Amino acid sequence: MVATATTVYARPDVASFDWAHLRKGIQVTLLWQAGGFSQVTYVEHDREPDPQYVTYCITGWVPDDTLTDARRRHFFHLGFHGQSEDRWTVYTDNHHFSLFWAPLTDLPATLARHSVVIPPQDHWLRFLDAL
């Protein structure tokens, strides 16, 4: 996973052609390591959770210190006793997300062709059950 936003280089050398950037949080596949650099591939599919084709793929070299193999998740359980809209839309990461309130004990399985919580994020819900 990309721990720090980074430039992608054509070779394991900062003087080589730099042609793309990866933002923090992008999951990549490690292919090779050499001289303080890691060759990685980032693949984006047309949609989740059932990708049909690859929309684009980036393969190149990034400095080793921009990657991590550890992922730390934080969950916050907050009480809310005010008024709120039932549904609202948020735009982030080049996507529009339709958000809504639902009890953890009664989450709808799907909503208009899409999972309510997409894989692999849906696996985190069982940890919230333990609260």
Worksheet item: Per residue, how much space in cubic angstrom lies within the convex hull of the C-alpha atoms of the stretch 6-66?
Response: 81
Discussion item. Computed from the coordinates I sent, Kirkwood radius over Cα pairs in Å equals one of (1) 17.7; (2) 15.6; (3) 20.4. Tell me the label.
Written reply: (1)
Worksheet item: Assigning unit charges at the beta carbon (Lys, Arg +1; Asp, Glu -1) and nothing else, what dipole magnitude in debye, to the nearest 20, does the chain show about its Cα centre?
Response: 120
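Just order 4-11, 21-28 by mean Cβ neighbour count inside 10 Å, highest at the front, would you?
So the order, starting with the most tightly packed, is 4-11, 21-28.
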Worksheet item: Under a point-charge model restricted to the Cβ atoms of Lys and Arg (+1) and Asp and Glu (-1), what is the dipole moment magnitude of the stretch 56-106 relative to its Cα centre, in debye to the nearest 20?
Response: 100
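The numbers here are math on the coordinates, done by the rules we state, and not lab data. These figures come from a predicted structure and were not determined experimentally. Cβ sites come from the backbone with ideal geometry, for glycine too, and all protein chains shown count toward neighbours.
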